[in-house]
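Read the structure below first, then the notes.
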Amino acid sequence: MKYYVVKYSGPFGFIKPWTAVRDSETFSQQFLTQSNLGGIERKLFPELLQEKFDLYRIRSHRLAYDQVSQQQEQIQTRGWNSSKPKGSKSILFERPKAILIRGVLLNPVLHLAFDRKEFASAAATQHICLCRNEDILYPEEIMEEEQSVFNTDEERFAGYELVFEKTVKSFLVGYNRFDNNSPMYGWLKTIGNPVKEF
């Protein structure tokens, strides 16, 4: 099968973990989940917004980067806590704060593979974001390759790819809120060295 591969790159890329504790177990901030990729596909092809949640045009992908920069982020809870200080008539409302460590990819490179040239051409005219809209990746080029080359060329197409299927190698990667919160599974395919050398 022929693939039309669009290469994207940028200075930064943030991938949001799907639970607050997930990264200590699966290091999820270095690969794209099905919902991440589905969001990218719908940004590139807004006509898919009305379709059932699935991947329709992106056939494969690969993500590589230089390193992960650990950055602190201050967050606040969603709800408010109320308390009445002793001896006071007024009620105090507050939102507790916490510090989280988030990983930001430095110099990410993302390859998106399509099976039709018109899809790749449309994608190559637009920017994308992995999760955070201030971390923009720009298209560089379109490459025409056989699927087997995309899956074996460790130099040009090195990176992580989460394969969205349930096998003995799979782990839980989220819940599909469009399908009664059914669990989503995948396994991590690694081609070459996803962490680029300086």
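DSSP loop GluC sites (Glu not before Pro) in region 75-184 with at most 15 other Cβ atoms within 10 Å of their Cβ, which ones?
Working: sites: Glu94, Glu118, Glu134, Glu140, Glu141, Glu144, Glu145, Glu146, Glu154, Glu155, Glu161, Glu165; in loops: Glu134, Glu154, Glu155, Glu165.
Qualifying residues, ordered by number: Glu134, Glu154, Glu155, Glu165.
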Check: What are the extents of the Cα atoms of the chain along their three principal axes, listed from largest to smallest and rounded to whole Å?
Finding: 75, 42, 38
Next item on the list: Go ahead and run the numbers for FRET between Ser90 and Asp179, Cβ-Cβ distance against an R0 of 45 Å, rounding to 0.05.
Entry: 0.45
Next item on the list: Calculate, in nm to one decimal, what Ile75 and Leu55 gain on full extension: separation in residues at 0.36 nm each, minus their alpha carbon distance.
Entry: 4.0 nm
Check: Once the Cα atoms of helix 34-44 and of the chain are each reduced to a long axis, what angle between those two axes, in degrees from 0 to 90 to the nearest 10, is obtained?
Finding: 70
Notebook entry, point to check: When the chain is fully extended, how far beyond the present Cα-Cα distance does Gln126 get from Lys43, taking 0.36 nm per residue of separation?
Noted result: 29.0 nm
Margin query: Nearest 500 deg cm²/dmol is fine: what mean residue ellipticity at 222 nm does the chain get from its DSSP H runs of n ≥ 4 alone, each adding -39,500 (n - 2.57), divided by its residue count?
Written below: -3000 deg cm²/dmol
Next item on the list: Using the 2.2 N^0.38 Å rule of thumb for compact globular proteins, work out how region 132-198 stacks up: its C-alpha Rg over that value, please.
Entry: 1.43
Checklist line | Whole-angstrom Cα spans of region 1-110 along principal axes, big to small | finding: 75, 36, 25
Check: What's the extension gain from Ile101 to Lys2 if we count 0.36 nm per residue and subtract their Cα-Cα distance?
Finding: 31.6 nm
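Bear in mind these aren't lab numbers, they're just calculated from the coordinates by the rules spelled out. Treat the numbers as computed from the prediction; the structure is a model and nothing was measured. Glycine also receives a Cβ, built like all others from the backbone with ideal geometry; neighbour counts cover every protein chain displayed.
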